[in-house]
Amino acid sequence: MNTTTRTSTAERLGRTLGRGWRAYVRGERRASNWLVSKGVPQAGASVFVWAIKLVVLFYVAFWMTLLLVGLLLVSRGFRRSSDDFSQPRDELRHGEAGFGLYSPDGYRLDPHEPNNPYDD
């Protein structure tokens with residue numbers, strides 16, 4: 001009879017996260033006790049620890065927001081640039097009125113001099 005059980009990946013991940021959380025709480029408690037040992041009142045140590053937590057939270061939130069805004073701007077830019085390829089554009093070419101800037105309809109857009117020898 002085989003009584004060994006296999007630990008699932010989810011259970012291993014949960015245990016790893018639990019160990020990490022316990023280590024974080026131990027470190028926080030150690031920092032708070034150190035502040036108290038240096039003469040800071042217990043309430044002051046708790047406020048200081050919470051203030052540090054808030055500063056770290058706002059710091060991470062700021063950079064995550066900046067990253068999200070950057071990704072949105074980049075994705076919007078890529079979407080607009082892909083739309084531009086589907087529409088006909090003005091182009092430089094040789095047409096009825098010589099070499100110049102022509103619209104997709106064939107009209108010359110740039111000002112030109114009909115007697116200019118360089119327009120041929």
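The values are calculated or read from the model by the stated rules, or taken from the named source; none is laboratory data. None of these values were measured; they are calculated from a predicted model. Cβ atoms come from the backbone with ideal geometry, glycine included; neighbour counts cover every protein chain shown.
Number of residues in segment 75-120 that are at pLDDT 80 or above, in a loop (DSSP other than H, G, I, E, B) and touching a Leu at 6+ places or on another chain (Cβ under 9 Å) equals 2. Can you find even one residue in segment 39-53 that is at positive phi and out of contact with any Ser or Thr (no Cβ under 7 Å at 6 or more places or on another chain)? Taking every residue of segment 39-53 in turn, at least one turns out to be at positive phi and out of contact with any Ser or Thr (no Cβ under 7 Å at 6 or more places or on another chain).
Can you spot a residue in segment 24-42 that is exposed (fewer than 11 other Cβ atoms within 10 Å of the Cβ), assigned to a helix (DSSP H, G or I) and among the charged types (D, E, K, R)? Looking through segment 24-42, at least one residue is exposed (fewer than 11 other Cβ atoms within 10 Å of the Cβ), assigned to a helix (DSSP H, G or I) and among the charged types (D, E, K, R). Can you find, within segment 1-23, the residue that is farthest from residue 46 (Cα to Cα) among those that are among the small types (Gly, Ala, Ser) and assigned to a helix (DSSP H, G or I)? Once the filter is applied, the top-ranked residue is 10. Of the candidates 68, 72, 57, the single residue that is at pLDDT below 95, part of a helix (DSSP H, G or I) and either surrounded by 10 or more Cβ atoms within 10 Å (Cβ to Cβ) or touching a helix residue (DSSP H, G or I) at 6+ places or on another chain (Cβ under 6 Å) (or both) is 72.
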